[in-house]
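Enquirer: Okay, here's the structure, questions in a sec.
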Amino acid sequence: MDAHQISAARLISQGLIGPPPESPTGTDLSTAGAVVEHLGCVQAQALGGALISIALRLGPDVTDGVAAVRAAIDSGEIVRSWTQRGTIHLTTAKDIGWILGLTGARIMKSTAKRREYFGITDAMLDTAAELATAAIRYRGPLTREELLEAFAPIGAGDEYGHARYLITSLALQNIIVQAPVIEGKDDMKYVLTADWVPAPTELDTEAADHEWMRRFVTSHGPVTVDDATRWTGLPKTRMRKAIRAGIDAGEIVSTDIDGTDYAHAPDLEDRLAEWETAAQETMLLPGFDEIILGYKDRSATLDPANERLVVPGGNGMFKNTVVTGTRARATWKRSPLKTGPRVRVDTFPGEKVDLEAVESVSATHPAFV
């Protein structure tokens, strides 16, 4: 594998090209829950885009992928929380506990000054936990507004930051988690983790580091240790140790690409040989898709010169991208017009996009179903 093949290999690892990969136990990863488990976590500030990201990885046999993902959330298989880097992600319900066991306390420590700024004390968080528990057990899953109503005795909602850090702090402590989906909206309610996740997977820190890295490397590879450190928000020394443990166990392999150490799934070279040509096809990806967000160095797929066109102003809001020939070459959005092309494309300077191919993709794309 050489540097020019990295983007194609990542598209294949992530399940955007070719058949869904198999889990280490041979399980077919063609259901929404299995896709999320394979990826480890899926960035989900824009829930609608996250649902599309997962749906795109379900394969052509699923006629309404977004509905399948929503059903997996409503059934309790997938949840949403602030799992890493202080950013909200979708992950599997059974795994939320050990993931937050790795990251929750670290994020709580890093945001202590912000809680202090908004006047949130440990005693207030204890009271908020009691109020949330009582309200959810009495009323069932609550919207954000309903949860803030429950916090009225401690003054939540008077200031945006105060409300935000109350909710995120309870989530980081794994007291509450988001599920199920609010009907008719791209948003989710809040439930009590202890009630919603009756049989969580339990892993100690070393085993959890190992498992998270196995998932990240096999689903995102080829990756560097810097990619892993940025994705998890955990120390580089720990991530390097976890990757080495996966290599020693034969679960992942290491390879040198132009003088840089990468790790990936053992069978990725074979899958690349079979599917590299297919990886050249045109894809319409939502703004926060893992093929862009999942790496510290995105240059294999997105030219650094074009990042400002995907994230205008560097404000953290990523536009939808057109990927063709394994590279992001334009941004896209749905046309508001009832006639004519379904997709509006803004091509990057010096790039070319086949608009007929874009329209053809949109005919079966989950964003247009």
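The values are calculated or read from the model by the stated rules, or taken from the named source; none is laboratory data. Here the structure is a predicted model, which means the values were calculated and not measured. Reconstructed Cβ throughout: ideal geometry from the backbone, glycine too, with neighbour counts over all protein chains shown. We work out accessible area using only protein heavy atoms, side chains counted, and drop any ligands, DNA or RNA first. Shrake-Rupley method; radii C 1.70, N 1.55, O 1.52, S 1.80 Å.
Enquirer: In degrees from 0 to 90, rounded to the nearest 10, what is the angle of the helix 47-56 Cα long axis to the longest principal axis of the chain?
Expert: Between the helix axis and the principal axis of the chain, the angle is about 40 degrees.
Enquirer: Hey, what's the Cα Rg ratio for the chain versus the globular rule of thumb, 2.2 N^0.38 Å?
Expert: Details: Rg = 20.8 Å, N = 369, 2.2 N^0.38 = 20.8 Å.
Normalised Rg, Cα atoms only: 1.00.
Enquirer: Viscosity 0.692 mPa s, temperature 37 °C: what is the translational diffusion coefficient of the stretch 194-352 from Stokes-Einstein with a Kirkwood Rh over Cα pairs, rounded to a whole number of µm²/s? Can you show the working numbers first?
Expert: Values: Rh = 17.9 Å.
It diffuses with D of about 184 µm²/s by this estimate.
Enquirer: Probe radius 1.4 Å, ligands and nucleic acids ignored: give me the carbon and sulfur share of the accessible area of the stretch 39-113 as a rounded percent. Before the final figure, lay out the partial values.
Expert: Details: 1420 of 2490 Å².
Solvent-exposed carbon and sulfur of the stretch 39-113 make up 57 percent of the total.
Enquirer: Can you tally the lysine pairs in the chain where the Cα-Cα distance is under 23 Å and the two residues are eight or more apart, or on different chains?
Expert: Lysine pair count for the chain: 12.
Enquirer: log₁₀ I(q)/I(0) of the stretch 34-109 at q = 0.14, 0.22 Å⁻¹, via Debye over equal Cα point scatterers, no solvent, to two decimals?
Expert: Log-scaled intensity ratios, in q order: -0.43, -0.95.
Enquirer: Then there's this: State the answer as a single residue: which of Ala208, Ala228, Ser169 lies farthest towards the positive end of the charge dipole of the stretch 133-230, with beta carbon charges of +1 for Lys and Arg and -1 for Asp and Glu, about the Cα centre.
Expert: Projecting each Cα onto the dipole axis, the largest value belongs to Ser169.
Enquirer: Using θ = phi - 60° and the Karplus relation 6.51 cos²θ - 1.76 cosθ + 1.60, list the HN-Hα couplings for the stretch 349-356 in order, rounded to whole Hz, with x at every Gly or Pro.
Expert: Here the 3J(HN,Hα) series is x, x, 9, 10, 10, 7, 5, 5 Hz.
Enquirer: Please give the direction-averaged projected area of the C-alpha convex hull for the stretch 128-253, in square nanometres with one decimal.
Expert: 10.1 nm²
Enquirer: Quick check: the distance between the Cα centres of the stretch 50-120 and the stretch 127-196, to the nearest angstrom?
Expert: Each part's Cα centre sits 15 Å from the other's.
Enquirer: Right, something else. I need the per residue convex hull volume for the stretch 285-333, using only the alpha carbons, in cubic angstrom as a whole number.
Expert: In the stretch 285-333, the Cα convex hull volume per residue is 69 Å³.
Enquirer: Based on the alpha-carbon gyration tensor of the stretch 237-309 and its eigenvalue square roots a ≥ b ≥ c, which shape applies: rounded if a/c is under 1.5, prolate if not and a/b is larger than b/c, or oblate?
Expert: Verdict is oblate for the stretch 237-309.
Enquirer: Please list 94-102, 245-253 highest first by mean number of surrounding beta-carbon atoms within 10 Å per residue.
Expert: By packing density, highest mean first, the sequence is 94-102, 245-253.
Enquirer: How far, in degrees from 0 to 90, does helix 236-248 lean away from the longest principal axis of the Cα atoms of the chain, to the nearest 10?
Expert: Relative to the chain, helix 236-248 is tipped by roughly 60 degrees.
Enquirer: Oh, and also: Tell me, what is the per residue accessible area of the stretch 231-368 in Å², probe radius 1.4 Å?
Expert: 52 Å²
Enquirer: Mind checking the per residue accessible area of the stretch 77-151 for me, 1.4 Å probe, whole number of Å²? If you can, show how the numbers build up before the last one.
Expert: Working: 3450 Å² over 75 residues.
That works out to 46 Å² per residue.
Enquirer: Moving to a separate point now. How tilted is helix 160-172 with respect to the longest principal axis of the chain? Cα atoms for both, answer in degrees (0 to 90, nearest 10).
Expert: Computed tilt is about 80 degrees.
Enquirer: Which percent of the accessible area of the stretch 120-252 is formed by carbon and sulfur heavy atoms (probe 1.4 angstrom)?
Expert: Answer for the stretch 120-252 is 49 percent, counting heavy atoms of protein chains only.
Enquirer: Could you work out the helix-only [θ] at 222 nm for the chain, with each DSSP H run of four or more residues adding -39,500 (n - 2.57) and the total divided by the number of residues, to the nearest 500 deg cm²/dmol?
Expert: -12500 deg cm²/dmol
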